[in-house]
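Novice: To start, I am sharing the structure in question, which I have written as structure tokens.
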Amino acid sequence: MSLSTQKLFIHNHLSSRQVSGLFLSEKTENGQLFLSIELAKEKLDQQIIANQIMRAVSEYFYQSQSQNAENTLEEILQKLNQLLPDLAPAKIKNWFSNLNLIVGITQNNAIYLAGVGSGNVYLFQQGKISQILDKNPKINPAKIFSDIISGQLEEGDALVVSSDALFDYIAKEKIRTITQKYSPEGTVKQIETLLATVPDFVSFNGIFVKYASTHDLEFNPPVKESPQTAIEALESQVLEDEPKPDIKSSPKAIKPGVKTKLVFDKSALQNVPTIRKITWFFTQAGDFFSKIAFIFKTIYLFLKKTYLFIFSKKFRREKEQELLNQGYQKLETKVKQFNSLRWQKKIAILGLSLVLNQGYQKLETKVKQFNSLRWQKKIAILGLSLVLLIFLQSLVFLTEKKSEQNKESSYRDTINQINNTLNEVEASLIYKDDKRAESLLLEVTDLLGKIQAKSDPQAEELALVKETTARLLNKVRRINYVPEPLELFDLSTLQNPKKIVQKNGQFYILDQANLYALQDKALSVLTPLANGDSLADWPNEDRLILHNADGYQVFNLKDKLKENFSFSQNTQNISIQDLAIYGNNMYVLDKQAKQIFKYPQSNNTFANGQAWLKANLDLSNASSLAVDGDLYTVLDNGQINKLNKGNIQKFDYHQPYPQIGAKAIIKTFAGAKYLYLIDPANQRVVIFDKAG
């Protein structure tokens, strides 16, 4: 099935506050063109300019000889870059800053579009909402259009191109629900019905594109038998999937006549800028007056205590007695603590007490001087102290408040930046731009490392964002995270385990002392092997190849015994890093010789080993090899090399992030479609197909 497209255009030329235009061409072999334009309403009639732009774009489209929609759109944008500066009225300053223009072409199941200004393009896919076109109010007249966004829709996916007004009156989630349920034609009819009561000075300009599915419905407007049936029929279609409220019957008698029902969606108000500003104002005003009330309450309590202290002997005696009792209790505690100290600390405390005593005497002198003053001067000094105290407290309060506001503003700005970046990541993943998605996710990771939660809701929000970022990063890097992998056996209990081989459904493990068989999550020793360093499967034989400082040995799995193994090693082959057997040949990786040696099979042994590597390849840091007809090596820097007949072959593989670490082990098998890399440095298994 192909894409289906429908336009939504509600505009009153006389009363509207904007100049608006919408064009949708017929379907052709070159695709289907759509254009949405909005301009600010000025004294100069800009509807003429909008019509000229739409006419020119449609002519460019129909005259294009290209069969490729993307090339056609690129030609149209180049001509618009030349046309728009000529059409811009000289009498209108900053004309480009008020231009909202989106041009696109659909062809088969692909969409190509570009836009400038503050238009909206949302992709509804698998229950998610992604904004795929960045708003760009700052336009460079020298190059108005620069980039083309392209992608393909899958069955059930929908794309909405619209001005801000649509999302001011209908929430994005509501639009997603409608587009998921209905065809584009049904979606437009449904939205027109919902917008029927909106004032005519508001314009709605939109394009709805959907990859049609067999489940799409057509919207049938309710029959207007009466106001009651029309409204109830509309609600039954719009709110079909929403939970029904439990409405209890009223004891009052129902009067005959027309009945209506008002549904108030509070969440929709958050999309209206004026409502958001009013809500913010009253919230700030409430905080301000609550702080003012707290300050006045503090001042009142301070003045009350001050008045009682000056004019009430009883209050002063009570306070003095209270202070004496508290002082006595504290003194008693301090004396006990002092007696428990060492003599050095006692001497230090006594010296400090002498200094404090001198300070106390000075304070006592000041108090006597204060007591000798007339009561008018006392009140004046106390009043001045009170004013100074209020000023300092207000200053501290304002500083703390400003600091908290700055922190909250910084936190919220960072979270908004992260959310916008994650939306860009989703869009990049849709269009399979993994490199850009990974770069954006690493930016998000850096931002998350710079912010800290100041409250429980912020901590929950940060945890959710971190989880989302980690999930997307794993998706970009093709990582399948297994939170609780099945553990067969803990190899850390062995003496420096070196190699592991799986043969006939059973694991064989070599450590520094023995060769083991792992069965039913238990190890059994097959044979001792001191300082064993290499282990390999001998395909098509019930045997394993072992190696230690004494040389090569063969272990017969059937008889559970070592066998005599007459092996003549090439004199240039001085060490063994890894070995593998394929096609009656044994390949040995020698780091010290920087070479791979090939030993053909001869009866029950391998002989006549020759240097196999012909290419100029440094294998001094190679950690492992694998053979399946081609030979693969992995180096400690994460580089994978593909070789054939001793020469390097082209192998453009996707470099994982982080890159493969040191001591990685590479494995593959004859007929297998994949390469498997055990990456201990990053605690993971990396899987490549053999195309990279």
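Every number in this text was worked out from the coordinates using simple rules, so none of it is lab data. On a predicted model such as this, the values are computed, not experimentally measured, just so you know. When we count neighbours, we look across all protein chains shown, and the Cβ atoms used for this are built from the backbone with ideal geometry, even at glycine.
Novice: What net charge is computed for the residues neighbouring P497, neighbours being all others with C-beta under 14 Å from the C-beta of P497, Lys and Arg scored +1, Asp and Glu -1?
Specialist: Values: positive: K498, K499, K663; negative: D490, D511, D533.
That sum, taken over residues with Cβ under 14 Å, equals 0.
Novice: Compute, for the chain, the length of the dipole vector about the Cα centre, with Cβ point charges of +1 (Lys, Arg) and -1 (Asp, Glu) only. Units Debye, rounded to 20. It would help to have the intermediate numbers written out before the result.
Specialist: Details: 84 positive and 73 negative charges, 1056 e Å.
Dipole about the Cα centre, nearest 20: 5080 debye.
Novice: Restricting things to Cα coordinates, could you compute the convex hull volume per residue of the stretch 99-149 in Å³? Don't jump to the answer; show the numbers that get you there.
Specialist: Values: hull volume 3.7 nm³, N = 51.
About 72 Å³ per residue, rounded to a whole number.
Novice: In addition: Sorted by mean Cβ packing within 10 Å, highest first, what order do the peptides 606-613, 560-567 take? If you can, show how the numbers build up before the last one.
Specialist: Details: 606-613: 17.1, 560-567: 12.5.
Descending mean neighbour count gives 606-613, 560-567.
Novice: Order these peptides, 677-683, 282-288, by their mean beta-carbon neighbour count within 10 angstrom, highest first. Could the numbers behind the result be given before it?
Specialist: Values: 677-683: 15.7, 282-288: 10.4.
Highest-to-lowest ranking by the protection proxy: 677-683, 282-288.
Novice: What does the charge dipole of the stretch 42-125 about its Cα centre add up to, to the nearest 20 debye, if the Cβ of each Lys and Arg holds +1 and the Cβ of each Asp and Glu holds -1? Intermediate results must be reported in sequence, preceding the final value.
Specialist: Numbers: 5 positive and 7 negative charges, 59 e Å.
Computed charge dipole of the stretch 42-125: roughly 280 debye.
Novice: Another question, if that's okay. Once the stretch 310-402 is represented by equal point scatterers at the alpha-carbon sites, with solvent omitted, what log10 I(q)/I(0) does the Debye formula produce at q = 0.15 Å⁻¹?
Specialist: For the stretch 310-402 at q = 0.15 Å⁻¹, log10 I(q)/I(0) is -0.98.
Novice: About its Cα centre, how strong a charge dipole does the stretch 323-365 have in debye, to the nearest 20, once Lys and Arg get +1 and Asp and Glu get -1 at the Cβ?
Specialist: On the way: 7 positive and 2 negative charges, 48 e Å.
So the magnitude is around 240 debye.
Novice: Then there's this: So between K291 and E173, what do we pick up on full extension, going 0.36 nm a residue minus the alpha carbon distance? Walk me through the intermediate numbers first.
Specialist: Working: separation 118, 0.36 × 118 = 42.48 nm, distance 3.82 nm.
Length difference between fully extended and current span is 38.7 nm.
Novice: Please give the length that would be gained between Q452 and N531 if that part of the chain were fully extended, namely 0.36 nm times their separation in residues minus their C-alpha to C-alpha distance (nm, one decimal). Walk me through the numbers on the way to the answer.
Specialist: On the way: separation 79, 0.36 × 79 = 28.44 nm, distance 5.11 nm.
Roughly 23.3 nm would be gained on extension.
Novice: Between S566 and R471, what is the spin-label point distance in nm, taking each point 7 Å from the Cα along the Cα→C-beta axis?
Specialist: Result: 6.5 nm between the two label points.
Novice: Could you give the distance between the Cα centres of the stretch 375-433 and the stretch 1-40, to the whole Å?
Specialist: The distance from the Cα centre of the stretch 375-433 to that of the stretch 1-40 comes to 46 Å.
Novice: Provide, as a two-decimal number, the C-alpha radius of gyration of the stretch 45-103 over 2.2 N^0.38 Å, N being how many residues it has. Intermediate results must be reported in sequence, preceding the final value.
Specialist: Working: Rg = 12.6 Å, N = 59, 2.2 N^0.38 = 10.4 Å.
Relative to the rule-of-thumb radius for its length, the stretch 45-103 sits at 1.22.
Novice: Can you pull out the trypsin sites (Lys or Arg not before Pro) in the stretch 329-419 whose DSSP state is coil and whose Cβ has at most 12 other Cβ atoms within 10 Å? Before the final figure, lay out the partial values.
Specialist: On the way: sites: K330, K334, K336, R342, K345, K346, K362, K366, K368, R374, K377, K378, K401, K402, K407, R412; in loops: R342, R374.
Answer in residue order: R342, R374.
Novice: Cβ neighbours within 10 Å, averaged per peptide: list 584-591, 573-580, 14-21 in order, most packed at the top. List each step's numbers first, then the result.
Specialist: Values: 584-591: 20.4, 573-580: 18.8, 14-21: 16.6.
The most tightly packed comes first, giving 584-591, 573-580, 14-21.
Novice: Determine the distance separating the Cα centre of the stretch 541-601 from the Cα centre of the stretch 626-673; give it in Å without decimals.
Specialist: 21 Å
Novice: Next question. Using all Cα-Cα distances in the chain, what percent lands in each 10 angstrom bin from 0 up to the longest?
Specialist: The percentages, shortest bin first, are 2, 9, 13, 13, 12, 11, 12, 12, 9, 4, 1, 0, 0.
Novice: The stretch 456-531: which trypsin sites (Lys or Arg not before Pro) are DSSP loop and have at most 10 other beta-carbon atoms within 10 angstrom? Walk me through the numbers on the way to the answer.
Specialist: Numbers: sites: K466, R471, K475, R477, R478, K498, K499, K503, K521; in loops: R477, R478, K498, K521.
For trypsin sites (Lys or Arg not before Pro) across the stretch 456-531 that sit outside H, G, I, E and B with at most 10 neighbouring Cβ atoms in 10 Å, the list reads K521.
Novice: Could you tell me what % of all Cα pairs in the stretch 70-211 have separations over 20 Å? Don't skip to the end; give the middle numbers.
Specialist: Values: 5219 of 10011 pairs.
Here the long-distance tail beyond 20 Å is 52 percent of all Cα pairs in the stretch 70-211.
Novice: Please give, to one decimal in nm, the separation of the simple spin-label points placed at E408 and A611, each 7 Å out from Cα toward the Cβ.
Specialist: That separation, rounded to one decimal, is 7.4 nm.
Novice: State the extension gain, in nm to one decimal, for the chain segment bounded by D86 and N584, taking 0.36 nm per residue of separation less the distance between their alpha-carbons. Working shown, then result.
Specialist: Values: separation 498, 0.36 × 498 = 179.28 nm, distance 7.66 nm.
Once the chain is fully extended between D86 and N584, it gains 171.6 nm.
Novice: May I pose another question? Identify, among S524, S568, G583, the residue whose Cα sits farthest towards the positive end of the charge dipole of the stretch 475-613, taking +1 on the Cβ of Lys and Arg and -1 on the Cβ of Asp and Glu, with the dipole about the Cα centre.
Specialist: The one lying farthest along the dipole's positive direction is G583.
Novice: Express in % the proportion of alpha carbon pairs of the stretch 400-476 at distances exceeding 20 Å.
Specialist: Numbers: 954 of 2926 pairs.
Result for the distance tail: 33 percent.
Novice: Using the basic label-point model (7 angstrom from Cα toward the beta carbon), what is the Q344 to L389 distance in nanometres?
Specialist: 4.3 nm
Novice: Something else: Which of the chymotrypsin sites (Phe, Trp or Tyr not before Pro) found in the stretch 163-201 are in a DSSP loop and have at most 13 neighbouring Cβ atoms, other than their own, within 10 Å?
Specialist: F201
Novice: Shifting gears a bit: For the chain, with the dipole built from +1 on Lys and Arg beta-carbon atoms and -1 on Asp and Glu ones, taken about the Cα centre, which of Q393, L153, S353 lies farthest toward the positive end?
Specialist: S353
Novice: Also, I was wondering about something else. Can you check how the C-alpha radius of gyration of the stretch 491-689 compares to 2.2 N^0.38 Å, as a plain ratio?
Specialist: So the Cα radius of gyration is 1.00 times the expected 2.2 N^0.38 Å.
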